[in-house]
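Note sheet for the following structure.
The values are calculated or read from the model by the stated rules, or taken from the named source; none is laboratory data. Just so you know, these numbers come straight off a predicted model, no measurement behind them. Backbone-built Cβ (ideal geometry, glycine too); neighbour counts: all protein chains shown.
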Amino acid sequence: MGSAYPTPNGTPASGGAQDPAGDAPGAGAWKDAFRVGDDLIDGQHQTFFRMVAEAQESMDRGSVEGVGRHLNFLAAYAVMHFRDEERLMALSHYPGLVEHRRIHQAFVAQVAGLLKTYETDPDAVTAQQILPMIQDWLVFHILGMDKQLQPWIGRMGKP
Ligand SMILES: [Fe+2]
């Protein structure tokens, strides 16, 4: 998947989403390759991975309450994180802001819908379905879209 967004120096952004499948049993762990170069955003991304892992631990222990608590945290955290990330996009003059925000909003709506279903009819959707979806989306989104921000962040504050 190529990128439609230019970089600050005019060359096409390199790399689209990479296949995370090669990481198999350890998929879910944070990797340095996920860094976009902003401490706040990178720290928040790490929190996502940690909380998904914790939710999975709750699931393994059979704690429905624990899974629900973590899922609710993830949904709320996503809203806050996307707001911070979009602010950084605006500050760095990243040209893909509108499209990127649309993708964030679609994810928030998708997770909210899944959570609502999970809470009202836990048989209809399970944590085993939700957690891998969130995990896969995160990896795909960070590598495919958030990484496009990196050159713009690197150029911030420079003439
Ligand atoms: Fe993003």
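Looking only at region 57-72, decide whether some residue is without any contact (Cβ under 8 Å) to a residue 40 or more places away in the chain and within 15 Å of residue 141 (Cβ to Cβ). Within region 57-72, not a single residue is without any contact (Cβ under 8 Å) to a residue 40 or more places away in the chain and within 15 Å of residue 141 (Cβ to Cβ). Which of the residues spanning region 93-107 are assigned to a helix (DSSP H, G or I), surrounded by 14 or more Cβ atoms within 10 Å (Cβ to Cβ) and of a type outside the set (Phe, Trp, Tyr)? Listed by number, the residues that qualify are 97, 100, 101, 103, 104. Considering only region 108-117, I want to know if a residue exists there that is surrounded by 13 or more Cβ atoms within 10 Å (Cβ to Cβ), within 30 Å of residue 64 (Cα to Cα), at pLDDT 90 or above and within 13 Å of the ligand (Cβ to nearest atom). There is at least one residue in region 108-117 that is surrounded by 13 or more Cβ atoms within 10 Å (Cβ to Cβ), within 30 Å of residue 64 (Cα to Cα), at pLDDT 90 or above and within 13 Å of the ligand (Cβ to nearest atom). Just one of the listed residues (90, 78) is within 15 Å of the ligand (Cβ to nearest atom), part of a helix (DSSP H, G or I) and surrounded by 14 or more Cβ atoms within 10 Å (Cβ to Cβ), namely 78.
Tell me, please, whether a residue that is within 16 Å of the ligand (Cβ to nearest atom), assigned to a helix (DSSP H, G or I) and buried (at least 18 other Cβ atoms within 10 Å of the Cβ) can be found in region 62-74. Looking through region 62-74, at least one residue is within 16 Å of the ligand (Cβ to nearest atom), assigned to a helix (DSSP H, G or I) and buried (at least 18 other Cβ atoms within 10 Å of the Cβ). Counting only residues that are within 13 Å of the ligand (Cβ to nearest atom) and out of contact with any helix residue (DSSP H, G or I) (no Cβ under 9 Å at 6 or more places or on another chain), region 119-159 holds 2 of them.
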